[in-house]
1. I'd like to know how the range 64-107 sits against the 2.2 N^0.38 Å rule of thumb: what's its Cα Rg over that expected value?
2. How large is the convex hull of the C-alpha atoms of the range 18-107 per residue, in Å³?
3. For the range 28-34, what does the Karplus curve 6.51 cos²θ - 1.76 cosθ + 1.60, with θ = phi - 60°, yield as ³J(HN,Hα) per residue in whole Hz, taken in order and with x for Gly and Pro?
4. Run down the aspartates and glutamates and flag those whose C-alpha is under 20 Å from the C-alpha of residue 62, throwing out any fewer than 8 positions away in its chain.
Amino acid sequence: LLEKAIKTNPALKALAPGFAPAKKIKRINIPIEKYPDYNFIGLIIGPRGNTQKRMEKETGCKISIRGKGSSKKGRPQPDDDQPLHVHIIAPDDDKLIKAEAMINKLL
């Protein structure tokens, strides 16, 4: 409710210090079962993480790979029990849609 009020009248932002709009989260499954020999993690991250960094810079989103097989053994991650997927955190819907389109091109 507060997000909509601030969007219609930006002056209200001064009345709510410390308020941060809710971030948008999207999960895109990686088709590892369909293409078991394809290196999706390497494709998304790119050499030295450059592809991932470029996508994050262009979209303004945080993009990460999570799920089973995304981390090294001995380093438990929060989504290790879920299938391999791309996790996108965006400040708004437009940036989320742009990041989703970029990821889907790679998959």
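Values quoted throughout were computed directly from the atomic coordinates according to the rules given, and no laboratory measurement underlies them. Small disclaimer: the values here were computed from a predicted structure and weren't measured.
1. 1.33
2. So the per-residue Cα hull volume is 121 Å³.
3. 10, 5, 8, x, 5, 6, 6
4. Once the sequence-local aspartates and glutamates are set aside, what remains near residue 62 is 79, 80, 92, 93, 94, 100.
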